[in-house]
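Report on one structure; see the data block that follows.
Bear in mind that the values in this text are calculations on the coordinates, not laboratory data. Note that the coordinates shown come from a computational prediction; the quantities given were computed from them, not determined experimentally. FYI the Cβ positions are ideal-geometry reconstructions off the backbone, even for glycines, and counts take in every protein chain you see.
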């Protein structure tokens, strides 16, 4: 299974305080919108998303179609293919994507310990594999 780029999405109490903390660790803001209460920070290939008031708990996030530097991949496993593979393995999904969709899509599941995993594709389905 090709899950794409990996990041940790953190539910934070105070965006400015968390930003300052991660910047002190060497991270730099590379995306997001502080006015909308979310930022993406990077330190080389390590990605941390900070989200204030957007969701409960932290998420492990995978982005099919992107490399670790948010560059679109020419070939990748589409989120709908990943969903079908998880279904075939009997893994329960909390949120599902439209299996007939062509554009972006996402799904959500939890590991056996309740850690939430978001598979969030921001690019269109590849035309041919």
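Region 78-108 and region 16-35 have Cα centres lying 31 Å from one another.
Shape class for region 19-71, computed from the alpha carbon gyration tensor (a ≥ b ≥ c): oblate, with a/c not under 1.5 and a/b at or below b/c.
Computed from the C-beta positions of residue 13 and residue 67 and an R0 of 41 Å, the FRET efficiency is 0.85 to the nearest 0.05.
Largest GNM mean-square fluctuation across 91, 82, 117, computed for the chain with C-alpha springs under 10 Å, falls on 91. For region 5-121, the relative contact order works out to 25 percent when only alpha carbon pairs closer than 8 Å and six or more residues apart are counted. Calculate how steeply helix 15-24 sits against the longest principal axis of the alpha-carbon atoms of the chain, using the helix alpha-carbon long axis, and give the answer as 0 to 90 degrees to the nearest 10. It is inclined by approximately 80 degrees. If the chain linking residue 85 and residue 44 were pulled fully straight, counting 0.36 nm for each residue of separation and taking away their Cα-Cα distance, it would gain 11.6 nm.
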